[in-house]
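Trainee: Structure provided below as structure tokens; questions to follow.
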Amino acid sequence: MNESIFILKGNIVYSKSQTELAICEHGYLVCREGKVEGVYQTLPFRLGGTPIRDYGDCLIIPGLVDLHVHAPQYSFRGLGMDMELLEWLETNTFPEEAKFEDIDYAEKSYKIFADNLRRSATARACIFATVHRPATLLLMDMLEKAGLATMVGKVNMDRNCPEYLCEETSESAEETLEWIKDVNHRKYASTRPILTPRFTPSCTDELMEELKKIQMRYELPLQSHLSENQSEIEWVKELCPWSEFYGDAYDRFGLFGADCPTIMAHCVYSGDKEIARMKENGVFIAHCPESNMNLASGIAPVRKYLEEGLNVGLGSDVAGGTTENMFRCMAHAIQASKLRWRIQDERLEALTAEEVFYMATKGGGAFFGKAGSFEEGYEFDAVVLDDVRLAHPQPLDIRSRLERLIYLADEREIRAKYVNGGEIDLS
Ligand code: GUN
Ligand code: FE
């Protein structure tokens, strides 16, 4: 943290609820000890003399949250997009992830990822690494240095993957324990470990049991994939004939939300029972619209999840998705939902700008506790957006400017970024 108290001045925008924005034009956003103290139209007398960083007519929004991204896949984003999930994993993903056994390769690749994530509007992210412990630690070192708030997972997989990447069950559990001990020694300020069984097809029941023991011992959160692709779902039925539905194959091991904060990426084909269990257990859904289009997986019924009151955030899912830019992800979520409404199911209306903004901030942020909002007591994550490049012939109101940024912004619009009250180096 740079200073214990300071103020940002600008057009402050955050989600009041899933459907409503809170907007304070030319207002003051106060940070004290890394937390939001408040948003004020007029600066309270008691704060006179506090340093103010005046960002003029810029918009100031909460730092964005990417609930699902694969760091090692950053190197092949935009490549090999003509396959569905299972073939894509065999052909593109596993051969690339195997390279991270070589720490020099990992360093080169993760540096590009960490630099680009640092310069993006993302303040917080939940990240898959690979099965390799040294490379995973290196990635965590880099993200910590970048000042981002992240949860990072060493991936577990002990079946149905090429021999060069497959772990023995006991080795997978032991390496995970060693990795957690290494992480605890490093005493990171904003980088946390998260258990990461890749998905049911790549983890045996025995491994899941071992991971549950580790989860309880260290009280760890967990991330994985769920109901992304129809062939994947059929495969899980064969592998776990005892399961009621895909999510049940995690829940049987206590790895599906209840007593274990959990993110499940995708949920394109979750049925009523799976949805009810996710709701009951408080599972977070990471909606990854671009990935679901690129891998021809389908379009998740996000409106239904929101109406049911489930926890929903957004994920870039690089390299299923091509970009870490969460503005693109918000736009893709709206666009995909429109096609779903038109082609598949007119009962579920398209998502709005307010709703995707909510998911990319407070919705996903809730996985980190109080993050993704400027309400009092929230972690002070803020992104300052300058939209001068996006010239317009008329003055626009703040809501319209935010909507345009959702469709048009990239790192060129980012003037400043703060995470946990610390300013991030954007160079
Ligand atoms: N399911 C299992 N592994 C992966 C992965 O790397 N990406 C995506 N999109 N889905 C997966
Ligand atoms: Fe993924």
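We did not get these values from a lab; they are worked out from the coordinates using the rules stated. If you're wondering where the values come from, they're calculated on a predicted model, not measured in any experiment. Note that each Cβ is placed from the backbone with ideal geometry, even for glycine, and that neighbours are counted across all protein chains shown.
Trainee: Suppose R0 equals 30 Å; then what is the FRET efficiency for Glu349 and Glu87 from their Cβ-Cβ distance, rounded to the nearest 0.05? Show your work: numbers first, answer last.
Mentor: On the way: r = 34 Å, r/R0 = 1.12.
Rounded to the nearest 0.05, the efficiency is 0.35.
Trainee: Full-extension gain between Glu375 and Glu308, please, as 0.36 nm times their residue separation minus the C-alpha to C-alpha distance.
Mentor: Additional length available on full extension: 21.7 nm.
Trainee: In the stretch 345-405, what trypsin sites (Lys or Arg not before Pro) fall in a loop by DSSP, with at most 15 other Cβ atoms inside 10 Å?
Mentor: Working: sites: Arg347, Lys362, Lys370, Arg389, Arg399, Arg401, Arg404; in loops: Arg347, Lys370, Arg389.
Filter output for the stretch 345-405: Arg347, Lys370, Arg389.
Trainee: Calculate how many DSSP beta bridges within the chain are antiparallel, expressed in % of all such bridges and rounded to the nearest 5.
Mentor: Numbers: 27 of 61 bridges.
Taking every DSSP beta bridge with both residues in the chain, the antiparallel ones total about 45 percent.
Trainee: So between Lys273 and Asp259, what do we pick up on full extension, going 0.36 nm a residue minus the alpha carbon distance? Before the final figure, lay out each step's value.
Mentor: Details: separation 14, 0.36 × 14 = 5.04 nm, distance 1.94 nm.
Working it through step by step, the gained length comes to 3.1 nm.
Trainee: Packing-wise, with mean Cβ within 10 Å as the measure, how do 221-227, 211-217 rank, highest first?
Mentor: Going by the mean number of other Cβ atoms within 10 Å, highest first, we get 221-227, 211-217.
Trainee: Would you please give the FRET efficiency between Glu238 and Arg389, computed as 1/(1 + (r/R0)^6) with r the Cβ-Cβ distance and R0 = 45 Å, to the nearest 0.05?
Mentor: With a Förster radius of 45 Å, E is 0.30.
Trainee: Along the Cα→Cβ direction, 7 angstrom out, place labels at Ser4 and Glu101. What is the inter-label distance in nm?
Mentor: 5.2 nm
Trainee: Once R0 is set to 30 Å, what does the formula 1/(1 + (r/R0)^6) return for the Cβ-Cβ distance between Ala22 and Tyr218, expressed as a FRET efficiency to the nearest 0.05?
Mentor: Details: r = 37 Å, r/R0 = 1.23.
That gives a FRET efficiency of 0.20.
Trainee: Using Cα centres only, tell me the gap between the stretch 269-300 and the stretch 11-83 in whole Å.
Mentor: Rounded to whole Å, the Cα centres lie 26 Å apart.
Trainee: Return P(r) of the stretch 1-121 (all Cα-Cα pairs; 5 Å bins starting at 0; whole %; ordered from short to long distances).
Mentor: Going from the shortest bin to the longest, the percentages are 2, 9, 14, 14, 12, 9, 8, 9, 10, 8, 3, 1, 0.
Trainee: State, to one decimal in nm², a quarter of the convex hull surface area for the C-alpha atoms of the chain, i.e. the direction-averaged projected area.
Mentor: Across all orientations, the chain yields a mean hull projection of 20.0 nm².
Trainee: Continuing with the same structure: At most 16 other Cβ atoms within 10 Å and a DSSP loop assignment: could you name the GluC sites (Glu not before Pro) in the stretch 1-65 that fit?
Mentor: Working: sites: Glu3, Glu20, Glu25, Glu33, Glu37; in loops: Glu3, Glu20, Glu33.
Counting only loop positions with at most 16 other Cβ atoms within 10 Å, the GluC sites (Glu not before Pro) in the stretch 1-65 are Glu3, Glu20, Glu33.
Trainee: Among the GluC sites (Glu not before Pro) within the stretch 254-346, which fall in a DSSP loop and have no more than 10 other Cβ atoms within 10 Å of their own Cβ? The partial results should precede the final answer.
Mentor: Numbers: sites: Glu274, Glu280, Glu290, Glu307, Glu308, Glu324, Glu346; in loops: Glu324, Glu346.
Within the stretch 254-346, the qualifying GluC sites (Glu not before Pro) (loop, at most 10 other Cβ atoms within 10 Å) are Glu346.
Trainee: If the limit is 22 Å between Cα atoms, which of Lys273/Lys304; Lys111/Lys213; Lys154/Lys213; Lys111/Lys145; Lys9/Lys35; Lys154/Lys417 go over it?
Mentor: Lys111/Lys213; Lys154/Lys417
Trainee: Moving on. Separation between the Arg415 and Gln230 pseudo-spin-labels, each 7 Å from Cα along Cα→Cβ, expressed in nm?
Mentor: 5.0 nm
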